[in-house]
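Participant: Just dropping this structure here.
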Amino acid sequence: MTDPQSRTDHPQGVTDQDVVDVLVADHREVEAIFVELEGRQGTPEHRRQLADVVIAELVRHSVAEEQYVYPAARRALPDGDQLAEHEIAEHAEAERTMKELESVDPSEARFEPLLAHLTKAIRHHVQEEESDLFPRLRAAMAREELVELAGRVQAAKRSAPTRPHPAAPDHPPANRLLAPGTGLVDRLRDALSGRPTSLEELREKQL
């Protein structure tokens, strides 16, 4: 079976990407931001913006997984219910950490411990998904299903919240119904405050 890490070099938007390609690309982008934050370079404002971007990326990614990937795992894998609940629980813990982190200035003593806790939790989560869940989904589902799922995930990310909402529902159908409205409010808040939610937006602000 092909290693998920070897299938992430397609440009974004290519229609033959399957859902694992999309999710692993997200993982790599988040990891790059974590590495930059761990370098502790730049102004406190820049580090705050990097933290905002990684939070937004993680929230969008988690929401899309909860809407479509974990339900697919429940259907396709014999232990899918147990696996999905485990992954959702890890999302919930990370989201609580992100909720704390979003209001902490990088100059405060709490910033680095919160960031380190989030980084460790997400790296553990990524390792579990890429070594277990993702290969098993590829083995259990038809290629066409995986490509269709990629499209659903990409669409979900475009309308998803960009800020942590620990009390929001994390199971369908409630999450699919409520997330777009919450996402719209978040994006309005981001626009009004100038908060970047992607690396592209952050680079543009720096020009």
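The values are calculated or read from the model by the stated rules, or taken from the named source; none is laboratory data. A quick note: this is a predicted structure, and the numbers were derived from the prediction, not measured. Virtual Cβ from ideal backbone geometry, glycine too; neighbours counted across all protein chains shown. We work out accessible area using only protein heavy atoms, side chains counted, and drop any ligands, DNA or RNA first. Shrake-Rupley method; radii C 1.70, N 1.55, O 1.52, S 1.80 Å.
Participant: Of the numbered conditions (1) of a type in the set (Lys, Arg); (2) farther than 23 Å from Ser198 by Cβ; (3) touching a residue at least 40 places away in the same chain (Cβ under 8 Å), Arg74 satisfies every one except a single condition; which is it?
Facilitator: Here Arg74 clears every test but (3).
Participant: Could you check Arg110 against (1) basic (Lys, Arg); (2) in contact with a Phe, Trp or Tyr (Cβ under 9 Å, 6 or more places away or on another chain); (3) over 15 Å from Arg60 (Cα atoms) and say which number it fails?
Facilitator: With (1) basic (Lys, Arg); (2) in contact with a Phe, Trp or Tyr (Cβ under 9 Å, 6 or more places away or on another chain); (3) over 15 Å from Arg60 (Cα atoms) applied to Arg110, the lone miss is (2).
Participant: What is the one condition in (1) touching a residue at least 60 places away in the same chain (Cβ under 8 Å); (2) within 20 Å of Glu57 (Cβ to Cβ) that Ala155 does not satisfy?
Facilitator: (1)
Participant: Of the residues that sit in the range 150-179 and are assigned to a helix (DSSP H, G or I), open to solvent by 50 Å² or more (accessible area, probe 1.4 Å) and touching a helix residue (DSSP H, G or I) at 6+ places or on another chain (Cβ under 8 Å), which one is farthest from Asp21 (Cα to Cα)?
Facilitator: Just the residues of the range 150-179 that are assigned to a helix (DSSP H, G or I), to begin with: 150-159, 174-179.
In the following step, the residues that additionally are open to solvent by 50 Å² or more (accessible area, probe 1.4 Å) were identified as 152, 158, 176-178.
When the remaining residues are screened for being touching a helix residue (DSSP H, G or I) at 6+ places or on another chain (Cβ under 8 Å), the result is 152, 176.
Values: Arg152: 13, Arg176: 22 Å.
Ranking the candidates gives Arg176 first.
Participant: On to the next question. Name every residue in the range 128-182 that is over 18 Å from the mean Cα position of the chain (by Cα) and of a type in the set (Gly, Ala, Ser), in order of residue number.
Facilitator: Hits for the range 128-182 are Ala139, Ala140, Ala142, Ala174, Gly181.
Participant: Pairs only if they're at least six apart or on different chains, beta carbon under 7 angstrom, first in the range 169-195 and touching a residue at least 12 places away in the same chain (Cβ under 8 Å) and under 30 Å from Lys205 (Cβ atoms), second of a type in the set (A, V, I, L, M, F, W, C) and open to solvent by less than 40 Å² (accessible area, probe 1.4 Å); list them, first residue then second.
Facilitator: Every condition considered, the pairs that remain are Ala179/Val63; Ala179/Ala160; Gly183/Ala160.
Participant: Sticking with this one: Quick one: is Glu45 in contact with a helix residue (DSSP H, G or I) (Cβ under 9 Å, 6 or more places away or on another chain), open to solvent by 10 Å² or more (accessible area, probe 1.4 Å) and assigned to a helix (DSSP H, G or I)?
Facilitator: Numbers: in contact with a helix residue (DSSP H, G or I) (Cβ under 9 Å, 6 or more places away or on another chain): no; open to solvent by 10 Å² or more (accessible area, probe 1.4 Å): yes; assigned to a helix (DSSP H, G or I): yes.
Against the criterion (in contact with a helix residue (DSSP H, G or I) (Cβ under 9 Å, 6 or more places away or on another chain), open to solvent by 10 Å² or more (accessible area, probe 1.4 Å) and assigned to a helix (DSSP H, G or I)), Glu45 does not qualify.
Participant: Mind counting the residues in the range 32-64 that are within 26 Å of His171 (Cα to Cα) and acidic (Asp, Glu)?
Facilitator: First, pick out the residues of the range 32-64 that are within 26 Å of His171 (Cα to Cα): 52-64.
Next, from what is left, pick out any that are acidic (Asp, Glu): 52, 57.
Of the residues in that region, 2 qualify.
Participant: Looking at Leu58, Leu115, Leu101, which one is of a type in the set (A, V, I, L, M) and either closer than 22 Å to Ala155 by Cα or open to solvent by 10 Å² or more (accessible area, probe 1.4 Å) (or both)? If you could, list the steps in order and put the result at the bottom.
Facilitator: Values: Leu115 fails: either closer than 22 Å to Ala155 by Cα or open to solvent by 10 Å² or more (accessible area, probe 1.4 Å) (or both); Leu101 fails: either closer than 22 Å to Ala155 by Cα or open to solvent by 10 Å² or more (accessible area, probe 1.4 Å) (or both).
Among Leu58, Leu115, Leu101, only Leu58 is of a type in the set (A, V, I, L, M) and either closer than 22 Å to Ala155 by Cα or open to solvent by 10 Å² or more (accessible area, probe 1.4 Å) (or both).
Participant: I've got another one for you. How about the range 121-149: which of its residues are farther than 20 Å from Leu83 by Cα and open to solvent by 50 Å² or more (accessible area, probe 1.4 Å)?
Facilitator: Arg143, Glu144, Glu148
Participant: Identify all residues within the range 14-24 that are surrounded by fewer than 16 Cβ atoms within 10 Å (Cβ to Cβ) and either under 23 Å from Pro71 (Cα atoms) or at pLDDT 95 or above (or both); write none if there are none. I'd like the intermediate steps shown before the answer.
Facilitator: First, the residues of the range 14-24 that are surrounded by fewer than 16 Cβ atoms within 10 Å (Cβ to Cβ): 14-16.
Result: Thr15, Asp16.
Participant: Next question, about the same structure. Taking the range 194-207, which residues are open to solvent by 80 Å² or more (accessible area, probe 1.4 Å) and either closer than 16 Å to Ile55 by Cβ or part of a helix (DSSP H, G or I) (or both)? Lay out the reasoning, then the answer.
Facilitator: Of the range 194-207, the ones open to solvent by 80 Å² or more (accessible area, probe 1.4 Å) are 200, 203-207.
Glu200, Arg203, Glu204, Lys205, Gln206 - these are the residues of the range 194-207 that are open to solvent by 80 Å² or more (accessible area, probe 1.4 Å) and either closer than 16 Å to Ile55 by Cβ or part of a helix (DSSP H, G or I) (or both).
Participant: Let me ask another. In the range 68-86, what residues are open to solvent by 10 Å² or more (accessible area, probe 1.4 Å) and part of a helix (DSSP H, G or I)?
Facilitator: Here is the first cut: in the range 68-86, the residues open to solvent by 10 Å² or more (accessible area, probe 1.4 Å) are 68, 71, 74-79, 81-83, 85-86.
Those that are open to solvent by 10 Å² or more (accessible area, probe 1.4 Å) and part of a helix (DSSP H, G or I): Tyr68, Pro71, Arg74, Arg75, Ala76, Asp81, Gln82, Leu83, Glu85, His86.
Participant: Does Arg187 count as farther than 15 Å from Asp26 by Cβ, in a helix (DSSP H, G or I), at pLDDT 95 or above and not polar (S, T, N, Q)?
Facilitator: On the way: farther than 15 Å from Asp26 by Cβ: yes; in a helix (DSSP H, G or I): yes; at pLDDT 95 or above: yes; not polar (S, T, N, Q): yes.
In short, yes.
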